[in-house]
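Structure first, then comments.
The values are calculated or read from the model by the stated rules, or taken from the named source; none is laboratory data. Please read these numbers as outputs of a predicted model, since none were measured by experiment. Here the Cβ positions follow ideal geometry from the backbone for every residue, glycine too, while neighbour counts run over all protein chains shown.
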Amino acid sequence: MRQILVAGNWKMNLLGAAGSSLATALAAKYPISAVEILVCPPAPYLVSVHARTSGSAVRVGGQNLYFAPQGAFTGEVCGDMLKDVGCSSVLIGHSERRQFFGETDDLLAKKVVAGLQHGLQVVLCVGELLSERQSDQTEAVLKRQLSGLAQVSAEQMANVVIAYEPVWAIGTGVTASTEQAQQAHAFLRSELKTLYGEQVSAATRILYGGSVKADNALELLSQSDVDGALVGGASLKADSFISIIEAGIQAMSLRA
Ligand code: 13P
């Protein structure tokens, strides 16, 4: 059975004090947990958030990395550094990275490999634009974006999570309907089957992201191919993120 993963992507939000108190609240609430919990703070706060969550069920991840192992890449952070400050995971290919920073599938494929080589769990984000959905391109776009896995072996897939985040649902308050989410997730799982076979496809977690809130989380997480949530806005406050984690725990118990 796939364990549900509830991840909070803080994006470029929360200064040190606010992030630390959020991390402290989450760690206090979840010394242990039936679902995996991940928070991805901005890079300058990885150390302090890790210090406040270590020993709890809350893991810490980076929002991005650069694929080179080290060197003259001003402004970038490599996988080794994420590992060194206590990260277990990294988000790769978030739509904001694709949209605002020009990240291509080829670049992302290199980042995925780098993350895995450094022992990080890689959360590869995919998702279509509204115009692509409206022109019936959703599946073609998702298939193309899965080329981020081009250099990933079946064995390495144990450390890969896919996050389906339709761009039109991110930060808009418009959530994909449960049917739209389930349909896209089922498509992604069938693509994973083509790429890696039944076993890997059945074992890989596929998260949904895009306006996940306390009041829609349980319904989304109850879909058979939705194995967790990647939460933006609602992960910035302890009470709303905890409600989503609780929905995950409930969905997990319904799966059992
Ligand atoms: P929102 O939950 O704010 O829509 O953001 C989703 C997201 O992009 C998470 O990575």
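Yes or no, residue by residue, for (1) under 19 Å from LEU230 (Cβ atoms); (2) among the polar types (S, T, N, Q); (3) not in a helix (DSSP H, G or I):
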{"residue": "ALA23", "(1), (2), (3)": "yes, no, no"}
{"residue": "ALA28", "(1), (2), (3)": "no, no, no"}
{"residue": "SER33", "(1), (2), (3)": "yes, yes, yes"}
{"residue": "SER56", "(1), (2), (3)": "no, yes, yes"}
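Quick one: count up the residues across region 168-181 that are part of a helix (DSSP H, G or I), over 16 Å from SER131 (Cα atoms) and either within 17 Å of the chain's Cα centre (by Cα) or aromatic (Phe, Trp, Tyr) (or both).
1
Among the listed residues VAL113, VAL90, which satisfies the condition of being within 14 Å of the ligand (Cβ to nearest atom), at pLDDT 95 or above, crowded, with 17+ Cβ neighbours inside 10 Å and β-branched (Val, Ile, Thr)?
VAL90
Could you please tell me which pairs satisfy a Cβ distance under 6 Å, a separation of 6+ or placement on different chains, a first residue in region 220-243 that is under 28 Å from PHE187 (Cβ atoms) and outside any helix (DSSP H, G or I), and a second residue that is within 15 Å of the ligand (Cβ to nearest atom) and aromatic (Phe, Trp, Tyr)?
Filtered contacts from region 220-243: VAL226/TYR208; ALA229/TYR208.
Checking the condition modelled with pLDDT of 95 or more, small (Gly, Ala, Ser) and not in a loop (DSSP other than H, G, I, E, B), which residue from ALA154, ALA140 passes?
When all the criteria are applied, what remains is ALA140.
All but one of (1) outside any strand (DSSP E or B); (2) touching a Ser or Thr at 6+ places or on another chain (Cβ under 8 Å); (3) crowded, with 20+ Cβ neighbours inside 10 Å hold for LEU82, so report the exception by its number.
Evaluating LEU82 over (1) outside any strand (DSSP E or B); (2) touching a Ser or Thr at 6+ places or on another chain (Cβ under 8 Å); (3) crowded, with 20+ Cβ neighbours inside 10 Å leaves (2) as the failure.
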